Amino acid sequence: MMNARAIRVNLADRSYDIRIGHGIRAELPKSLDFIRQGAQIALVASPELKRLYGDALVKSLRDAGYAAWLAEMPDGEQFKTMATASLLYDQFIERRMERNSLVVALGGGVTGDVAGFVAATYMRGVPFVQMPTTLISQVDSSVGGKVAVDHPKGKNLIGAFHQPKLVLIDAETLDSLPARQFRSGIAEVMRYGVIASPTLFRTLETRMDAILAHDPTVLTDIITESCSIKARIVEEDETESGVRATLNYGHTFAHAIEAVTHYETFLHGEAVAVGMLCAGEMAKARGLVDQSFCDRQRALIVSAGLPPAVPAELDAAEIVDAMKLDKKVAAGRIRFIVPTGIGSVEIRDDFSDADAQAAINATRA
């Protein structure tokens, strides 16, 4: 077991720790000093995560004196719905969960988002803990308190801000992640490099083989750096009214690409990688970055085994239309996050539909 590293997210009375290490999931029971001994704990997990880690965690919580039980939900973006939330509400009500009960979300981004949304709304809000088991959730969705379900018309349209009491990240759980899912998560780490950290970007360029081989030290390093960046941004802008929007680099295009492909073609990180390529091309056309930036970004994406372009069969105009349902649209104008170099981005709303379409097509050149 690797000693845990701790990052504090300072949000006044909503502050919490992110604990990161390799083999540290057993620390969960002793980390729950913020709830009363004997409290009811619902560990939310998919059947697969129940088998891998959930049953053992429930036993350890019971051994520590908590009334722990496992609430199952299906995994996959297609289940990030109000119907799945209702399934959890039913289980919570049947078990007579109270306002001082705790929800623990064990799984990837879908589990964390849905369980967090249910925790935010059940009895007007109960505390919850994030235990992310995918790279994409460890470096992104588990931190910052954004919880949501999807609507048929768009991603994350029904949601809330509900900060966790603790984020416990065990990098060892990544060993059970399918390779494609793991690569998908690397895209979100790349995103942090482009928006805030040339050092992280360079680490990805020089240590990709070690990352893909699940080297514990390198993995813990990149997860820690990613979470540190996100923590700083969340502290500055908890509800995404300003700088937090920079975390959406690549996501405006990505969410639209996911929507037009009905969430069936791309994993989220794969769509983000393609979205980053689009954002880079749009910035290059405006003179904000040069060709070397786009080449360097694309080479890194390819080295991680991520998609190198928007597929030719997708219509650029349809993707741009889907962007207009994005939460980042203000007064009818799409806010794009565009790079100005490795480690810096800008929030801009002065790009036209034609600019966006041209950027999408440029990735195919």
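The values are calculated or read from the model by the stated rules, or taken from the named source; none is laboratory data. Note that the coordinates shown come from a computational prediction; the quantities given were computed from them, not determined experimentally. Neighbour counts run over all protein chains shown; Cβ positions are idealised from the backbone, glycine included.
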Worksheet, complete the sentence: Just one listed residue, out of V129, V103, V147, is closer than 24 Å to Y263 by Cβ and β-branched (V, I, T), and it is V147
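Conditions (1) more than 24 Å from D90 (Cα to Cα); (2) surrounded by fewer than 17 Cβ atoms within 10 Å (Cβ to Cβ); (3) without any contact (Cβ under 8 Å) to a residue 24 or more places away in the chain, marked per residue:
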| position | (1), (2), (3) |
| --- | --- |
| D13 | yes, yes, yes |
| Y16 | yes, no, no |
| P47 | no, yes, no |
| Y53 | no, no, no |
| D63 | yes, yes, no |
Discussion item. I'd like to check which helices (runs of 4 or more DSSP H) are fully inside region 151-260 and have at least 3 residues that are modelled with pLDDT under 95 and assigned by TED's automatic domain parsing to the domain that holds D295.
Written reply: 216-236, 251-260
Discussion item. Here is a check on your reading of the model: is L61 part of a helix (DSSP H, G or I) and under 26 Å from A171 (Cα atoms)?
Written reply: yes
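With the structure loaded, tell me whether V118 is crowded, with 23+ Cβ neighbours inside 10 Å, modelled with pLDDT of 95 or more, β-branched (V, I, T) and not in a helix (DSSP H, G or I) or whether it fails that test. Lay out the reasoning, then the answer.
On the way: crowded, with 23+ Cβ neighbours inside 10 Å: yes; modelled with pLDDT of 95 or more: yes; β-branched (V, I, T): yes; not in a helix (DSSP H, G or I): no.
It is false that V118 is crowded, with 23+ Cβ neighbours inside 10 Å, modelled with pLDDT of 95 or more, β-branched (V, I, T) and not in a helix (DSSP H, G or I).
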Worksheet, complete the sentence: Here the qualifying pairs (Cβ atoms under 6 Å; residues six or more apart or on different chains; first in region 303-317 and farther than 18 Å from F201 by Cα and in contact (Cβ under 8 Å) with a residue 12 or more places away in the chain; second loosely packed, with under 14 Cβ neighbours inside 10 Å and hydrophobic (A, V, I, L, M, F, W, C)) come out as none
Item to complete: Would you mention how many residues in region 141-197 are within 16 Å of the chain's Cα centre (by Cα) and among the acidic types (D, E)?
Response: 3
Worksheet item: With E318, E258, E281, E270 as the choices, which residue is surrounded by fewer than 20 Cβ atoms within 10 Å (Cβ to Cβ) and among the acidic types (D, E)?
Response: E318
